[in-house]
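Student: Please find one structure pasted underneath; my questions will follow.
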Amino acid sequence: QIKFFESVVKIPYDLKAKQILGNGQKGGLNVGAVMILPEGFKLAPNNQLDENLKKKMKGVYITPYSKDKDNILVIGPIAGEKYQEITFPLLAPNPETNKSVSFIKYPIYVGANRGRGQVYPTGEKTNNNLYVAETSGKINEIITSEKGESEIKILGNNGAIQTQLIPKGVDVIVTKDQIIQKDQSLTVNPNVGGFGQVESEIVLQSPSRIIGFLAFCFITIITQTFFVLKKKQFEKVQALEFDQN
């Protein structure tokens, strides 16, 4: 029987770091991860986990990407302050019953992120972005609404006024009457998150091969030991014959 094993994804960061939430307030970072396993590997069923791992997995919900892609696992977003390490309980296939799997080395691909995304699924930007000037000119006026949003009016070189809206929570760094160039930063960059990926390997090994290898090592050690003892015995016999002569 093939038992489950654990794979741990670590997503460390400075817990003092705060991100801008959707409502413009500052809050803790969230984290998430995706793991791409070889064909045949999948998430271990909950009823096969021991009590210790069940406690560790409490509040963590890992799901397959789809029914057809159960070897791709995703999780998140979850609270990064609590889950800087995410444990994936995995189930390996049995090559003795699954002929499409062999006792060889397989690659595993992992991607993890911390912090909010910068684009909504609709394609619109979130407030977790750096805002830049859409035209060159002079800051004509900066208006802050009751909701905390900033409206920056730029008097362009062509005499037209262009207005840019900055969401609540994003700090504006330009001032009135300041001369700016196109693509110049109007705000600080609020994004404190990031994304990383890594490739690792897993070896699916046959228990009989391991037992055979250990048996070979044991026999080799015993043989070498007897060889050394026999050599010492032979040296003693030679020394005795030399003394008699």
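Student: Within 10 Å, count the other beta carbons around each residue, average over each peptide in 119-125, 64-70, and list them highest first. Before the final figure, lay out each step's value.
Tutor: Details: 119-125: 8.1, 64-70: 11.6.
Ranked by mean Cβ neighbours within 10 Å, highest first: 64-70, 119-125.
Student: Plugging the Kirkwood radius over Cα pairs into Stokes-Einstein for region 1-81, at a temperature of 4 °C and a viscosity of 1.567 mPa s, what D comes out in µm²/s? Each step should come with its number before you reach the end.
Tutor: On the way: Rh = 14.8 Å.
In µm²/s, the coefficient is 87.
Student: A further question on this structure: At q = 0.16, 0.18, 0.22 Å⁻¹, work out log10 I(q)/I(0) for region 110-245 with the Debye formula, treating every Cα as an identical point scatterer and leaving solvent out; two decimals please.
Tutor: Rounded to two decimals, the profile gives -0.93, -1.04, -1.25.
Student: For Ile154, which sequence-distant residues (separation of 5 or more, or a different chain) have an amide H within less than 5 Å of its own amide H, given hydrogens modelled in the peptide plane?
Tutor: Asn140, Gln162, Thr163, Gln164
Student: Another question, then. Dividing the Cα radius of gyration by the Kirkwood radius, what Rg/Rh value follows for the chain?
Tutor: Working: Rg = 31.7 Å, Rh = 23.9 Å.
Taking Rg over the Kirkwood Rh, I get 1.33.
Student: So what does log10 I(q)/I(0) come out to for region 53-171 at q = 0.11, 0.12, 0.13 Å⁻¹, using the Debye formula with one equal point on every Cα and no solvent?
Tutor: Reported log10 I(q)/I(0), two decimals: -0.66, -0.72, -0.77.
Student: Pairing the Cα long axis of helix 207-244 with the longest principal axis of the chain, what angle in degrees results, from 0 to 90 and rounded to the nearest 10?
Tutor: Around 40 degrees separate the two axes.
Student: Residue-wise, which Karplus ³J(HN,Hα) couplings in Hz belong to region 137-149, taking 6.51 cos²θ - 1.76 cosθ + 1.60, θ = phi - 60°, and x for glycine or proline?
Tutor: For region 137-149, the Karplus-derived couplings read x, 10, 5, 7, 6, 10, 10, 9, 7, 5, 7, x, 7 Hz, x marking Gly and Pro.
Student: Shifting gears a bit: On a 1.4 Å probe surface of the protein chains, which of Leu90, Leu15 comes out largest in accessible area, and what is the full order?
Tutor: Leu15, Leu90
Student: Check cross-link reach from Lys176 to the lysines: straight Cα distance under 24 Å, and skip same-chain residues fewer than eight apart.
Tutor: In chain and number order, the partners are Lys138, Lys147, Lys153, Lys168.
Student: If you count only protein heavy atoms with a 1.4 Å probe, what accessible area per residue comes out for the chain, rounded to a whole Å²?
Tutor: So the chain comes to 67 Å² accessible per residue, rounded to a whole number.
Student: Could you work out the local net charge near Gln164, counting Lys and Arg as +1, Asp and Glu as -1, over the other residues with Cβ closer than 10 Å to its Cβ?
Tutor: Counting the neighbours of Gln164, the net charge comes to -1.
Student: Further, regarding this structure: Could you work out how much longer the chain between Asn94 and Glu151 gets when fully extended? Use 0.36 nm per residue separation minus the Cα distance between them, nm to one decimal.
Tutor: Taking Asn94 through Glu151 to full extension adds about 14.3 nm, to one decimal.
Student: Related question: Per-residue HN-Hα couplings for region 115-130, Karplus 6.51 cos²θ - 1.76 cosθ + 1.60 at θ = phi - 60°, whole Hz, x for Gly and Pro?
Tutor: With the stated coefficients, region 115-130 comes to x, 6, x, 9, 9, 6, x, 6, x, 6, 6, 7, 7, 8, 9, 7 Hz.
Student: Quick one: with all protein chains in place, what share of the accessible area of region 52-151 is carbon or sulfur, to the nearest percent (1.4 Å probe)?
Tutor: Working: 2980 of 6080 Å².
Here it works out to 49 percent.
Student: Follow-up question, since we're still on this one. List, largest first, the extents of the alpha carbons of region 94-162 along their principal axes, each in whole Å.
Tutor: So the extents along the principal axes, rounded to whole Å, are 76, 30, 19.
Student: Heavy atoms of the protein only, probe of 1.4 Å, neighbouring chains included. What is the accessible area of Thr144 in Å², nearest 10?
Tutor: My reading of the accessible area for Thr144 is about 90 Å².
Student: Answer rounded, prolate or oblate for region 46-95, using the Cα gyration tensor with square roots of eigenvalues a ≥ b ≥ c: rounded when a/c is under 1.5, else prolate when a/b is larger than b/c, else oblate.
Tutor: Working: a/c = 2.40, a/b = 1.28, b/c = 1.87.
In terms of gyration-tensor shape, oblate.
Student: Using only the alpha-carbon atoms of region 184-245 as identical scatterers, what base-10 log of I(q)/I(0) does the Debye formula give at q = 0.13, 0.16, 0.21 Å⁻¹?
Tutor: The computed values of log10 I(q)/I(0) come out as -0.71, -0.81, -0.94.
Student: For the pairs Lys69/Lys125; Lys26/Lys182; Lys54/Lys82; Lys18/Lys82; Lys42/Lys99, note any where the Cα-Cα span goes beyond 21 Å.
Tutor: Working: Lys69/Lys125 30 Å; Lys26/Lys182 29 Å; Lys54/Lys82 16 Å; Lys18/Lys82 14 Å; Lys42/Lys99 17 Å.
The answer is Lys69/Lys125; Lys26/Lys182.
Student: Ser136 to Val60: extension gain in nm, 0.36 nm per residue of separation minus the Cα-Cα distance?
Tutor: Values: separation 76, 0.36 × 76 = 27.36 nm, distance 4.84 nm.
Working it through step by step, the gained length comes to 22.5 nm.
Student: Then there's this: Could you state how much accessible area Glu39 has, in square angstrom rounded to the nearest 10, with a 1.4 Å probe and all protein chains kept in place?
Tutor: 130
Student: If the elastic network links every pair of Cα atoms under 10 Å, which of Val31, Val172, Val228 fluctuates the most in the Gaussian network model of the chain?
Tutor: It is Val228.
Student: Then there's this: May I ask you to list the aspartates and glutamates whose Cα is less than 16 Å away from that of Lys58, ignoring any residue fewer than eight positions away on the same chain?
Tutor: The reachable aspartates and glutamates, counting only those whose Cα sits under 16 Å from Lys58, are Glu6, Asp50, Glu81, Glu85.
Student: Still on this structure, I have one more. With every protein chain left in place and a probe of 1.4 Å, what is the accessible surface of Leu49, to the nearest 10 Å²?
Tutor: Counting only protein heavy atoms, the figure is 20 Å².
The values are calculated or read from the model by the stated rules, or taken from the named source; none is laboratory data. The model shown is predicted, which means the values in this text are computed figures rather than measured ones. Note that each Cβ is placed from the backbone with ideal geometry, even for glycine, and that neighbours are counted across all protein chains shown. Just so you know, the surface numbers come from the protein's heavy atoms only, side chains and all, with ligands and any DNA or RNA stripped out. Shrake-Rupley method; radii C 1.70, N 1.55, O 1.52, S 1.80 Å.
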